[in-house]
Amino acid sequence: AETVTLIEAAGGKAMALPADIEDVDACRTLVRQAEAAGGGRLDILINNAGFADFAPVAEMGMDAFERTMTHYLRAPFVLSQAAIPAMRRAGAGWIVNLGSQDALPVARPYGKHEKTRGYHVYAAAKAALHRLTQGMAAELIDDNIAVNLVAPSTAIRTPGSDALMSKKFPTEDV
């Protein structure tokens, strides 16, 4: 509701279409709903949903592992796959994936946060998303569909991420 309000206050038109991105059919339905809401056209897909349950690899439960991979790799794959036909029909489109600087190789010697933060499964999922984005860009360039990834250089403090970070952790403003 906040995002819709901000878009409309800036003179745009927006509507919220909720969906459970952990459900493959719900993802596909969401894309169809968005296309219909756009008058039969879908121009842009931004894969920005997320879930974080950081834990050291030795301690992470399979549910948290699966959910992390679902939010950061499977859902963008399914949503993109569902959006591509609509974008092809429109003759163009843009897919934007939200990545992370955490996907970059780790520098040695290892810093304290590398040893204690427990974000390595998240980082691995984001690295896979980076590579998926590059491959999709190559596959879709001839269809006039741009595929890009935006990766914040530090965390962005939001109400959802606040519980995951110490107050001293460096962040970017929203």
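The values are calculated or read from the model by the stated rules, or taken from the named source; none is laboratory data. Computed from a predicted model, the values in this text were never measured in an experiment. Cβ: placed from backbone, ideal geometry, glycine included. Neighbour counts: every protein chain shown. Please note that ligands, DNA and RNA were not included when accessible areas were found on the heavy atoms of the full protein model with its side chains. Shrake-Rupley method; radii C 1.70, N 1.55, O 1.52, S 1.80 Å.
Structure notes:
- Hits in the stretch 129-153 - residues which are in a loop (DSSP other than H, G, I, E, B) and under 19 Å from the mean Cα position of the chain (by Cα): A151, P152, S153
- The stretch 117-159, subset free of Cβ contacts under 8 Å to residues at least 60 places away in the same chain and hydroxyl-bearing (S, T, Y), residue surrounded by the most Cβ atoms within 10 Å (Cβ to Cβ): T133
Conditions (1) in contact (Cβ under 8 Å) with a residue 60 or more places away in the chain; (2) open to solvent by 20 Å² or more (accessible area, probe 1.4 Å); (3) among the aliphatic types (A, V, I, L, M), marked per residue:
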site: L17; (1), (2), (3): no, yes, yes
site: A26; (1), (2), (3): no, yes, yes
site: R41; (1), (2), (3): no, yes, no
site: I46; (1), (2), (3): no, yes, yes
site: A52; (1), (2), (3): yes, yes, yes
site: A64; (1), (2), (3): no, no, yes
site: S100; (1), (2), (3): no, no, no
site: A107; (1), (2), (3): no, yes, yes
site: G111; (1), (2), (3): no, yes, no
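- Residue match in the stretch 129-142 (condition: modelled with pLDDT of 95 or more and among the hydroxyl-bearing types (S, T, Y)): yes
- Complete set of residues in the stretch 66-85 that are among the polar types (S, T, N, Q) and either in contact with a Phe, Trp or Tyr (Cβ under 9 Å, 6 or more places away or on another chain) or surrounded by fewer than 20 Cβ atoms within 10 Å (Cβ to Cβ) (or both): T68, T70, Q81
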